[in-house]
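Down below is the structure, laid out as structure tokens.
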Amino acid sequence: MMRIVICGPAHPYRGGIAAYNERLAQQFLQEGDAAAIYTFRLQYPSFLFPGKTQYDDGYAPEGVPITRAINSVNPLNWLSIGFRLRRTRPDLLIMRYWLPFLAPALGIIARIVRTNRHTRIVTIFDNVVPHEKHIGDRLLTKFFVKSIDAALVMTRAVEKDLREFSATMPCVISPHPLFDNYSMPVSRAEAVIHLKLCPADRHILFFGFIRGYKGLDLLIRAMADPAVKGLGIKLIVAGEFYEESKSYFDIIHELDIADSIIFHSHFIHDNEVRYYFSAASLVVQPYRSATQSGVTQVAYHFNKPMVVTNVGGLAEIVPDGKCGFVVDPEPAAIAGAIVRFFEGDENRFNEGIEEQKQLYSWDKLTEAIRSLARETQRRRRKVLGLKV
């Protein structure tokens with residue numbers, strides 16, 4: 001049994017990283033470890049957060065100890081949390097890193113905890129290099145990387161980015177597991193009634209918060225392609241705008257396709273997710289840049305084929321022709337894939353999806369983390385001149 005602390009978002013914060021951390025803690029607990037989460041007391045100052053709220057009004061995950069402790073902008077808090085964790089001596093501290101803004105807080109905490117010479121520090125990197133770059137990102141990431149013992153990444157693209165900061169750090173690739181903490185699918189008929197959609201229409205889905213790098217504008221332009229319009233399909237956009245929405249509606253107006261696009265532009269709560277994926281025949285991720293995407297693993301959970309763009313690690317997770325299509329991030333290519341899907345057998349990817357899903361279990365993730373912990377322990381003993 002290990003005593004494990006996960007540092008990162010969790011209830012009452014919302015979003016894919018919080019859901020991942022909570023599910024990971026549950027997996028460790030199921031495997032007999034003592035796992036807890038230290039989440040934020042303050043994650044982002046409100047003026048830095050682009051959405052309407054950072055918080056989920058749902059319930060905390062059952063059985064997972066969650067402590068709201070970390071203040072991302074208060075150095076005295078970083079010292080306090082660091083010394084607290086140093087004293088409690090968890091066997092393993094797992095940190096989540098996705099944004100250089102958090103590097104000072106997490107880096108200081110990690111540096112203090114390491115001085116107990118017992119706790120091993122593994123970081124799960126969602127991104128090493130952020131999608132939206134700012135001055136100072138590389139310096140902050142370099143500071144953080146020097147604070148930890150080992151890294152887990154979800155795609156080769158992120159590993160490549162990490163190696164720009166450390167050529168020798170122990171690192172394993174373990175793909176994002178299935179988001180199996182959502183409810184089971186419902187029938188398409190039930191889903192379209194629940195969402196107040198027309199049962200006679202066929203639907204594709206863009207899911208998740210909306211920012212420029214996610215390429216929703218490319219998908220909107222693809223919907224104006226004559227071959228796509230001829231199919232009579234509807235695009236459901238389900239997610240909150242994290243930037244101004246006017247440019248998207250300007251494109252829709254310019255192309256005269258308002259009747260082809262249905263916006264549910266708010267945060268989709270966990271108990272509603274199944275209706276969107278059950279209503280759609282196809283999930284489209286038209287990203288301009290990506291590392292990996294939790295949306296992919298939600299689609300797998302609901303057995304949905306995908307069209308993804310050939311950026312970052314998306315093509316690693318969605319094999320072209322087996323679980324959907326991988327295309328270039330431009331409207332004509334996206335449109336062509338949509339047409340290919342609907343003009344063929346819509347069930348032809350079912351077998352490939354079921355096979356691919358087996359690669360993305362939570363026990364494979366925990367074993368990858370354990371292997372990093374063992375490697376870190378071996379290296380420490382070697383440095384101290386102890387028997388390995």
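The figures follow:
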| item | result |
| --- | --- |
| Residue satisfying all of: in segment 11-41; in contact with a Lys or Arg (Cβ under 9 Å, 6 or more places away or on another chain) and hydrophobic (A, V, I, L, M, F, W, C); surrounded by the fewest Cβ atoms within 10 Å (Cβ to Cβ) among these | A34 |
| Strands (runs of 3 or more DSSP E) fully within segment 275-354 counting 1 or more residues that are among the small types (G, A, S) and at pLDDT 95 or above | 324-327 |
| Residue that is surrounded by the fewest Cβ atoms within 10 Å (Cβ to Cβ), among those in segment 284-308 that are hydrophobic (A, V, I, L, M, F, W, C) and closer than 23 Å to G58 by Cβ | F302 |
| Positions within segment 355-384 being more than 18 Å from F28 (Cα to Cα), not polar (S, T, N, Q) and not in a helix (DSSP H, G or I), in sequence order | L359, L384 |
| Matching option when the condition is within 26 Å of R288 (Cα to Cα), touching a Pro at 6+ places or on another chain (Cβ under 8 Å) and buried (at least 16 other Cβ atoms within 10 Å of the Cβ), among W78, W98 | W98 |
| Filtered residue count, segment 87-110, keeping only those that are closer than 22 Å to V172 by Cα and assigned to a helix (DSSP H, G or I) | 5 |
| Enumeration of residues in segment 155-194 that are over 25 Å from the mean Cα position of the chain (by Cα), within 25 Å of F267 (Cβ to Cβ) and among the hydrophobic types (A, V, I, L, M, F, W, C) | V192, I193 |
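Every residue, every condition in (1) in the same structural domain as Y97 (by TED's automatic domain parsing); (2) in contact with a Phe, Trp or Tyr (Cβ under 8 Å, 6 or more places away or on another chain); (3) among the polar types (S, T, N, Q), yes or no:
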site	(1), (2), (3)
I17	yes, yes, no
R23	yes, yes, no
Q54	yes, yes, yes
A60	yes, no, no
R68	yes, yes, no
N74	yes, no, yes
N77	yes, no, yes
I81	yes, yes, no
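The values are calculated or read from the model by the stated rules, or taken from the named source; none is laboratory data. Given the structure is predicted, the values throughout are model-derived calculations rather than measurements. When we count neighbours, we look across all protein chains shown, and the Cβ atoms used for this are built from the backbone with ideal geometry, even at glycine.
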